[in-house]
Amino acid sequence: MGKLIKVSKALTIAGSDSGGGAGIQADLKTFQELGVYGMSVLTAVTAQNTTGVQGIFPVPIEGLEAQLASIGADLTPDAIKTGMLFSSEYIERTAYMIKKFQWENVVVDPVMIAKGGATLLGEDALQAMKTYMLPLAKIVTPNIPEAEALTGIKIDSSEAREEAARVLYEAGADHVVVKGGHFGNGEYVSDLVFNGIEMVELTEKRIQTKNTHGTGCTFSAALAAELASGKKTENTIVSAKKYIQTAIEHGIDVGSGHGPVNHFAYRRVPHEQY
Ligand SMILES: Nc1ncnc2c1ncn2[C@@H]1O[C@H](COP(=O)(O)OP(=O)(O)OP(=O)(O)O)[C@@H](O)[C@H]1O
Ligand SMILES: Cc1ncc(CO)c(N)n1
């Protein structure tokens, strides 16, 4: 009999993107590329492609709980990421189950709106996200509009972004990454990282492309994969950034709208090792 290999396991709790570029599909592809065993709990199924979201069909709440219970009974994840959580009820139930099983290394991507403008999270869910999910987060990864919605701060300057990061830290997240994809359109894109002590900006060349569907999901999945592998939090942020940068830089020709990033670029294209 062959010897079994020990592997790290990562779980995504998120929505399905039929188009394969964002949501659960982006997460599982990223886990695979980064060498961790991927598991998924679906909150909702979206009918979606590179041009937009055509429909959203939630999984019944009992189905969400049953999936989490199945994982909890047999397959303790080394890290988790949450994506589209759909509603306040789903957020509360997810947080309850994470606490029940004492799962750690939780990356919270507070997904609210898809690139095409479709709402993936109701207004009532904002408060639930703050109350139930942020205190569980080892890393929270809002983009600018999400950070604005969660904090009520208009982010029109670097100072305002730092203030928002502080507020999210105070709400209970260990590390806050306010992503800069939506912050201006200059030569560089910078993500602000706050760990309660220092503010650090991670800066990369902004790639001029319309193929940025699923960048946020992919980035947070890379964080979860690296946490699952046992990396220190600060190091996971640097390597996840490298992963997403490579995936955007080597874009693929899929679909007629906002195409997906290239999830396999990191392994196939030479890149700096961190
Ligand atoms: N054009 C770009 N060039 C380089 N990096 C980018 C670009 N756009 C986004 N990024 C990076 O990708 C990551 C995701 O950021 P972004 O702000 O796009 O997330 P998002 O809006 O949540 O994505 P989505 O909701 O589409 O999945 C961040 O690290 C950001 O800096
Ligand atoms: C299912 C799903 N989750 C997240 C996003 C955000 O990009 C999306 N477009 N679709």
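The values are calculated or read from the model by the stated rules, or taken from the named source; none is laboratory data. Owing to the predicted nature of the structure, the values given are computational and were not obtained by experimental measurement. Virtual Cβ from ideal backbone geometry, glycine too; neighbours counted across all protein chains shown. Ligands, DNA and RNA are excluded from the accessible area calculation, which covers all protein heavy atoms including side chains. Shrake-Rupley method; radii C 1.70, N 1.55, O 1.52, S 1.80 Å.
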>> Given Cβ point charges of +1 (Lys, Arg) and -1 (Asp, Glu) and nothing else, what value in debye, to the nearest 20, does the dipole of the range 88-138 about its Cα centre take?
In response: 180 debye
> Using a simple spin-label model with points 7 Å from Cα along the Cα→Cβ vector, what separation in nm is obtained for Glu123 and Ile61?
Replying inline: 2.1 nm
> How many Å² of accessible area per residue for the range 58-210, probe 1.4 Å?
Replying inline: 46 Å²
> Which Cα, out of His213, Val193, Ile237, lies furthest along the positive dipole direction of the range 145-256 (beta carbon charges, K/R +1, D/E -1)?
Replying inline: His213
> Spin-label point model (7 Å from Cα, Cβ direction): what's the His250 to Thr131 distance in nm?
Replying inline: 4.6 nm
> Size of the dipole of the chain about the Cα centre, Lys and Arg at +1 and Asp and Glu at -1 on the beta carbon, nothing else charged, in debye to 20?
Replying inline: 780 debye
> Using a probe of 1.4 angstrom, how much of the accessible area of the chain is carbon and sulfur, in percent?
Replying inline: 51 percent
> Across the Cα atoms of the range 115-274, what radius of gyration and what greatest pairwise Cα-Cα distance (Dmax) are found, in Å?
Replying inline: 15.5, 44
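Please report, in debye to the nearest 20, how large the charge dipole of the range 48-165 is about its Cα centre when each Lys and Arg carries +1 at its beta carbon and each Asp and Glu carries -1 there. Kindly include the intermediate steps, with their values, before the conclusion.
Details: 9 positive and 16 negative charges, 30 e Å.
That gives the range 48-165 a dipole magnitude of about 140 debye.
State, as an integer percentage, the relative contact order of the range 9-249 based on alpha-carbon contacts under 8 Å between residues 6 or more apart. The partial results should precede the final answer.
Numbers: 502 pairs, mean separation 46.3, N = 241.
Once divided by the residue count of the range 9-249, the mean separation gives 19 percent.
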> Tell me, what is the percent relative contact order of the range 101-187, built from C-alpha pairs under 8 Å that lie six or more residues apart?
Replying inline: 31 percent
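Sum -39500 (n - 2.57) across every DSSP H segment of at least 4 residues in the chain, then divide by the residue count to get the 222 nm mean residue ellipticity, nearest 500.
On the way: 9 runs with 98 residues, N = 274.
It comes out at -11000 deg cm²/dmol, rounded to the nearest 500.
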> Calculated FRET efficiency, Ile207 and Asp156, Cβ-Cβ r, R0 22 Å, to nearest 0.05?
Replying inline: 0.40
>> Among Ala225, Ala73, Ala240, which one shows the highest mean-square fluctuation when the chain is modelled as a Gaussian network with alpha-carbon springs under 10 Å?
In response: Ala73
> So what's the range 1-59 giving for Cα Rg divided by 2.2 N^0.38 Å, two decimals?
Replying inline: 1.36
> Which value, in Å³ per residue, describes the convex hull spanned by the Cα atoms of the chain?
Replying inline: 132 Å³
> Looking at the range 134-243, which chymotrypsin sites (Phe, Trp or Tyr not before Pro) are in a loop (DSSP not H, G, I, E or B) and have at most 12 other Cβ atoms within 10 Å?
Replying inline: none
> Between Ser88, Ser70, Ser16, which gets the highest mean-square fluctuation from a Gaussian network model of the chain, Cα cutoff 10 Å?
Replying inline: Ser70
